[in-house]
Amino acid sequence: MRLVVVLAVLMGVSGIPDVTISPPTASADTSAHPNSIPETADESEQIKARTEEGAEEDVMATGELNPNHYPATRAAQVVQHYLNTRYGSPFRLIGVQTVHSGNAEDVADSGRKYQLELSVNDIISNTTRTCSAELFFPKGKGQQPPEVNASCEELLKIDIKVQEEALYQKYKTNQTLMSAQYLPDSHGHIEPDMKPFWHLGILASSFIMLNESTENTLYNMAQVANITQLTTEEDQLEFDCHTLLHEMVSQEIIHWKMLFTWSPAEGVKVLQMKRLPHRHEREKSPKTN
């Protein structure tokens with residue numbers, strides 16, 4: 001394992017940037033691509049085991065948490081989404097490697113607070129760092145996104161400026177706009193030149209997964225169903241994207257449409273996001289003459 005740097009100072013950033021969230025529309029096509037979830041049988045069994053452990057160890061438990069049980073791993077997944085919204089790039093993708101310790105406490109009647117020590121890994125460069133994180137899940141009417149305080153500035157020391165600028169210039173000056181489907185395909189394959197756009201889909205989806213997370217969810221990105229570059233006069237590249245999210249507790253596949261931008265200077269910015277209805281919801285819609 002490479003040098004691990006412990007960050008003791010938390011940088012307080014709560015919530016996520018403002019975006020436009022639209023309600024489901026009945027006309028959208030949400031047909032899932034066959035075998036679209038790139039998870040192995042072993043990983044599925046691990047998810048099932050963690051969920052069963054979570055049922056035994058109530059998610060409302062307080063005090064010290066078992067780092068391998070559902071409450072701690074679920075909170076760590078939320079930290080992963082947050083770090084990707086903050087540090088992510090087509091050439092920097094962050095995943096939680098290990099939860100070292102955690103605890104939870106009730107905060108009066110307003111919600112619950114978690115504190116975690118964990119190792120995170122830049123999946124692309126295979127660089128591991130440790131960080132501390134605090135999460136707060138609000139209670140009350142209506143779902144509110146969790147508030148996350150976490151920092152791992154050491155990840156920024158991995159220099160990716162050359163790769164980012166090359167990607168940006170290639171697609172900013174291309175006469176033909178980029179378009180791709182099924183990243184990954186039904187065999188788990190992604191063409192090398194499409195991997196940055198798979199990563200961009202994950203990063204944009206991280207804003208949704210962070211916004212949608214509660215104490216009872218565990219979100220992962222399953223597939224970019226399609227992504228299309230749009231014409232724009234702005235400096236950023238702009239994309240229309242349809243992604244499939246896997247809520248691993250319920251095993252539900254959820255379709256979302258997004259409009260987002262990316263540039264090396266500005267990073268990923270989600271402008272619009274809209275949850276699409278399930279096919280059975282469209283079939284139940286009343287027919288009109």
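For the reader, a short list of remarks on this structure follows.
- Within segment 227-255, the set of residues being in a strand (DSSP E or B), more than 24 Å from TYR171 (Cα to Cα) and either of a type in the set (Phe, Trp, Tyr) or without any contact (Cβ under 8 Å) to a residue 60 or more places away in the chain (or both) comprises LEU245, GLU247, GLU252, ILE254.
- Every residue from segment 141-182 that is free of Cβ contacts under 8 Å to residues at least 12 places away in the same chain, closer than 30 Å to LEU116 by Cα and not in a helix (DSSP H, G or I): LYS141, GLY142, GLN144, ASP159
- One residue alone among ASP185, ASP193 is over 26 Å from GLN77 (Cα atoms), open to solvent by 20 Å² or more (accessible area, probe 1.4 Å) and at pLDDT 95 or above, and that residue is ASP193.
- Qualifying residue in segment 104-119 (condition: open to solvent by 50 Å² or more (accessible area, probe 1.4 Å) and on the phi > 0 side of the Ramachandran plot): yes
Per-residue answers, yes or no, for (1) modelled with pLDDT of 95 or more; (2) more than 30 Å from TYR168 (Cα to Cα); (3) in contact with a helix residue (DSSP H, G or I) (Cβ under 8 Å, 6 or more places away or on another chain):
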{"position": "SER110", "(1), (2), (3)": "no, yes, no"}
{"position": "VAL120", "(1), (2), (3)": "yes, no, yes"}
{"position": "GLU134", "(1), (2), (3)": "yes, yes, no"}
{"position": "GLY140", "(1), (2), (3)": "no, yes, no"}
{"position": "GLN144", "(1), (2), (3)": "no, yes, no"}
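- Listed by first and then second residue, the pairs linking a residue in segment 120-131 that is touching a residue at least 60 places away in the same chain (Cβ under 8 Å) to a residue that is β-branched (Val, Ile, Thr) and in a strand (DSSP E or B), with Cβ atoms under 7 Å apart and 6 or more places separating them unless they lie on different chains, are ARG129/VAL120; CYS131/VAL120.
- The residues of segment 120-140 that are open to solvent by less than 70 Å² (accessible area, probe 1.4 Å) and in a loop (DSSP other than H, G, I, E, B), listed by number, are SER125, GLY140.
- Residue tally, condition open to solvent by 40 Å² or more (accessible area, probe 1.4 Å) and over 26 Å from VAL162 (Cα atoms), over segment 254-270: 1
- A Cβ distance below 6 Å, combined with a sequence gap of six or more or placement on separate chains, defines the contacts here; from segment 263-274, residues that are part of a strand (DSSP E or B) and of a type in the set (D, E, K, R) reach residues that are modelled with pLDDT under 95 and surrounded by fewer than 17 Cβ atoms within 10 Å (Cβ to Cβ) in the pairs LYS274/SER22.
- Residues that are of a type in the set (A, V, I, L, M), buried (at least 17 other Cβ atoms within 10 Å of the Cβ) and more than 22 Å from MET273 (Cβ to Cβ) occur in segment 148-156; there is at least one.
- Residue within segment 189-207 that is part of a loop (DSSP other than H, G, I, E, B), within 21 Å of LYS269 (Cβ to Cβ) and small (Gly, Ala, Ser) present: no
The values are calculated or read from the model by the stated rules, or taken from the named source; none is laboratory data. Predicted model only: the values in this text are computed from it and were never measured. Because the Cβ atoms are built from the backbone with ideal geometry, glycine has one as well, and the counts that use them run over all protein chains shown. The area values use the complete protein model at the heavy-atom level, side chains included, leaving out ligands, DNA and RNA. Shrake-Rupley method; radii C 1.70, N 1.55, O 1.52, S 1.80 Å.
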